[in-house]
Amino acid sequence: MDETPILVEQRAGYRVITLNRPQRLNAFTETMHQALKRALVEAENDPACRALLLTGAGRGFCAGQDLNDRLSQGGETPVLGGALEAYYNPLVRTLRELPFPVVAAVNGVAAGAGANIALACDIVLAAKSASFVQAFAKIGLVPDSGGTWILPRLIGPARARGLALTGEPLPAEKAEAWGLIWRMVDDGELMGEAHKLCMHFASGPTVGLALIKRGLDAAWDNDLDSQLDLEREFQREASLTPDYAEGVRAFLEKRAPVFTGRKAK
Ligand code: T3D
């Protein structure tokens with residue numbers, strides 16, 4: 001079943017990574033983590049890659065950790081700190097830090113770490129039939145993969161607590177209404193919309209977009225003064241890119257800009 005736990009497709013200017021263990025709703029195994037890690041490193045090292053689309057095969061997005069690998073064996077209970085350190089935490093950090101936008105196309109249920117990995121992406125599009133489940137409490141665990149950090153920031157402490165403590169599924173429509181995700185779309189439109197967004201980003205001012213990601217992430221912890229300083233630095237960096245010059249020229253010439261995504265010389 002695990003021969004190709006991750007599918008990678010190269011498109012013009014972006015890559016599509018599909019979690020591919022549909023029989024288990026794309027739950028994570030170690031092999032799948034390793035394959036995903038390789039795919040992300042390759043995407044990051046490819047200068048032609050200017051956006052990433054992450055989705056799931058079959059009827060689910062991802063059901064988190066594959067619990068078959070967590071059955072206690074011979075009375076030995078698995079201790080999980082190591083798996084977070086080795087796989088889940090680096091994955092979330094990588095998704096946040098990739099120097100281009102990451103779009104999650106949540107095609108079905110996203111549960112446990114699967115929900116929080118989706119929420120770690122820059123833009124979350126969800127099919128109408130999708131749902132987000134903080135399944136952890138149902139098996140005696142705590143939200144991981146950044147869940148305890150991102151949920152209260154996105155939807156406020158009361159809703160974050162409700163979702164985390166009950167493990168109740170949150171349908172896509174409500175997720176959109178609560179501000180957990182960017183947009184819900186009809187099931188049949190999900191992949192088309194996700195590709196459209198990636199194509200847009202693939203011809204965008206990539207360095208500027210990467211700085212936007214970093215600026216917004218830093219803002220969670222900064223006071224206004226520090227954030228203003230950071231904006232000054234990032235704006236200086238963005239203004240040195242050829243895309244800024246092109247953006248201004250295109251505006252004044254009343255035409256669409258042609259961004260290359262190149263760094264400043
Ligand atoms: O361990 C560590 O390294 C620490 C890190 C932990 C991170 C985590 O993610 S912990 C949380 C793990 N995930 C869960 O607890 C979710 C478990 N799954 C579910 O609660 C439900 O499957 C869903 C709510 C996601 C979907 O429900 P439903 O009714 O749509 O589907 P289903 O029938 O339950 O699942 C379909 C199949 O996928 C089924 O297999 P079967 O019976 O057809 O052979 C089911 O067993 C399998 N499946 C779903 N989730 C998992 C799974 N198999 C293994 N692990 C799973 N997580």
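The numbers here are math on the coordinates, done by the rules we state, and not lab data. On a predicted model such as this, the values are computed, not experimentally measured, just so you know. Here Cβ is always computed from backbone atoms with ideal geometry, including for glycine, and neighbour counts include all displayed protein chains.
Things to note:
- Candidate set: segment 57-84, residues that are acidic (Asp, Glu) and within 30 Å of Leu125 (Cβ to Cβ); chosen: the one surrounded by the most Cβ atoms within 10 Å (Cβ to Cβ): Asp66
- Restricting Arg214, Arg161, Arg183, Arg153 to residues that are in contact with a Leu (Cβ under 7 Å, 6 or more places away or on another chain) and surrounded by fewer than 17 Cβ atoms within 10 Å (Cβ to Cβ) narrows the list to Arg183.
- Segment 17-46, residues that are among the aliphatic types (A, V, I, L, M) and in contact (Cβ under 8 Å) with a residue 40 or more places away in the chain: Leu19, Leu25, Ala27, Leu36, Leu40, Ala43
- Residue list for segment 19-39, restricted to those being buried (at least 21 other Cβ atoms within 10 Å of the Cβ) and either in contact with a Lys or Arg (Cβ under 9 Å, 6 or more places away or on another chain) or within 16 Å of Gly108 (Cα to Cα) (or both): Leu19, Arg21, Leu25, Asn26, Ala27, Phe28, Met32
- The C-beta contact set for segment 125-146 (first residue under 13 Å from Glu176 (Cα atoms), second residue near the ligand (Cβ under 6 Å from one of its atoms), distance under 9 angstrom, 6+ apart or interchain) comprises Ser129/Val109; Ala130/Val109; Ser131/Val109; Ser131/Ala111; Phe132/Val109; Phe132/Ala111.
- Within segment 73-100, the set of residues being in a loop (DSSP other than H, G, I, E, B) and either away from the ligand (no atom under 12 Å from the Cβ) or among the basic types (Lys, Arg) (or both) comprises Gly74, Gly75, Leu98, Pro99, Phe100.
To keep it simple, each residue is scored yes or no on (1) more than 30 Å from Val207 (Cα to Cα); (2) within 12 Å of the ligand (Cβ to nearest atom); (3) surrounded by 24 or more Cβ atoms within 10 Å (Cβ to Cβ).
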| residue | (1), (2), (3) |
| --- | --- |
| Val106 | no, no, yes |
| Ala113 | no, yes, yes |
| Asp122 | no, no, no |
| Ala126 | no, no, yes |
| Ala130 | yes, yes, yes |
| Val133 | yes, yes, no |
| Phe136 | yes, yes, yes |
| Ile139 | yes, yes, no |
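- Taken over segment 142-183, the criterion of being within 16 Å of the ligand (Cβ to nearest atom) and within 15 Å of the chain's Cα centre (by Cα) is satisfied by Asp144, Ser145, Gly146, Gly147, Trp149, Ile150, Leu151.
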